[in-house]
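Shown next, in structure tokens, is the structure this report addresses.
The values are calculated or read from the model by the stated rules, or taken from the named source; none is laboratory data. None of these values were measured; they are calculated from a predicted model. Cβ coordinates were reconstructed from backbone atoms using ideal geometry, including for glycine residues, and neighbour counts include every protein chain displayed.
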Amino acid sequence: MENKILTDPLVKPEDCVLEAALGKNYKLYTEFTGMIIDKNINPEWHYYNDGKSWLCKLPFKKKNLGWLSIWDTGFKLTFFFPDKAMEGIYQLDIDDEIKNNARNMKPVGKSHPIVILVKNKKLIKNGLKILEYKMNFK
């Protein structure tokens, strides 16, 4: 089982901390964050007491598009969608594994989670497609 890291509220997720935590995956992280900043998504790190860890919110205008978390195996992107958005997700040009995992995830309240453990550039592209879909979803 993977363990979340960045659990100390006093150790802020600055670049040197993230690089040490992510190791070889740090380059993927910086590539992803550079791409989302270009889309006017400005990552916001906050420490959440309920989960006892740092999470990165991915806000666009007044909408939260998703979350980024740091794990010992890399970083995860987590998105939440209402029922009416899911058919559009299944039509996106993203990996079938992501779609199948989304179908099999238990809803959280009225929302359906989609989780991607980013471990290569293709998964970055998948994450960006989901972000863009959520940016435009009404």
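Residues checked against (1) in contact with a Phe, Trp or Tyr (Cβ under 7 Å, 6 or more places away or on another chain); (2) of a type in the set (A, V, I, L, M, F, W, C); (3) closer than 28 Å to LYS138 by Cα:
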| site | (1), (2), (3) |
| --- | --- |
| LEU22 | yes, yes, no |
| ASN42 | no, no, yes |
| ASP50 | no, no, no |
| PHE60 | no, yes, yes |
| LYS63 | no, no, yes |
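In segment 60-74, the qualifying residues are those that are on the phi < 0 side of the Ramachandran plot and not in a strand (DSSP E or B), and the one that is modelled with the highest pLDDT is LYS62.
Got a number for residues in segment 52-74 being closer than 23 Å to LYS39 by Cβ, within 16 Å of the chain's Cα centre (by Cα) and of a type outside the set (Phe, Trp, Tyr)? Even if it seems obvious, please write down each step before you answer.
Just the residues of segment 52-74 that are closer than 23 Å to LYS39 by Cβ, to begin with: 54-70, 74.
Next cut, within 16 Å of the chain's Cα centre (by Cα) only: 54-60, 63-70, 74.
Going one step further and asking which of them are of a type outside the set (Phe, Trp, Tyr), we end up with 55-59, 63-66, 68-70, 74.
Number of matching residues: 13.
With respect to the stated conditions, LYS57 fails to be assigned to a helix (DSSP H, G or I), among the basic types (Lys, Arg), modelled with pLDDT of 95 or more and within 29 Å of THR7 (Cβ to Cβ).
The numbered conditions (1) in contact (Cβ under 8 Å) with a residue 24 or more places away in the chain; (2) assigned to a helix (DSSP H, G or I); (3) in contact with a helix residue (DSSP H, G or I) (Cβ under 8 Å, 6 or more places away or on another chain) are all true for PRO113 except (2).
Taking segment 5-47 as the range and being among the polar types (S, T, N, Q) and either exposed (fewer than 15 other Cβ atoms within 10 Å of the Cβ) or in contact with a His (Cβ under 7 Å, 6 or more places away or on another chain) (or both) as the test, the residues that pass are THR7, THR30, ASN40, ASN42. Restricting attention to segment 75-110 and to residues that are more than 14 Å from the chain's Cα centre (by Cα) and in a strand (DSSP E or B), the residue that is farthest from ASN136 (Cα to Cα) turns out to be VAL108. Does at least one position in segment 1-9 carry a residue that is out of contact with any strand residue (DSSP E or B) (no Cβ under 9 Å at 6 or more places or on another chain), over 22 Å from LEU131 (Cβ atoms) and free of Cβ contacts under 8 Å to residues at least 40 places away in the same chain? Yes.
Taking LYS99 as the residue in question, decide whether it is basic (Lys, Arg) and under 18 Å from LYS129 (Cβ atoms). Taking the combined requirement at face value, the residue satisfies it.
Matching residues to (1) surrounded by 14 or more Cβ atoms within 10 Å (Cβ to Cβ); (2) out of contact with any Phe, Trp or Tyr (no Cβ under 7 Å at 6 or more places or on another chain); (3) farther than 21 Å from ASN40 by Cβ; (4) basic (Lys, Arg):
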{"residue": "LEU55", "(1), (2), (3), (4)": "yes, no, no, no"}
{"residue": "ASP72", "(1), (2), (3), (4)": "no, yes, yes, no"}
{"residue": "LYS76", "(1), (2), (3), (4)": "yes, yes, yes, yes"}
{"residue": "PRO82", "(1), (2), (3), (4)": "no, yes, yes, no"}
{"residue": "MET86", "(1), (2), (3), (4)": "yes, yes, yes, no"}
{"residue": "LYS134", "(1), (2), (3), (4)": "yes, no, no, yes"}
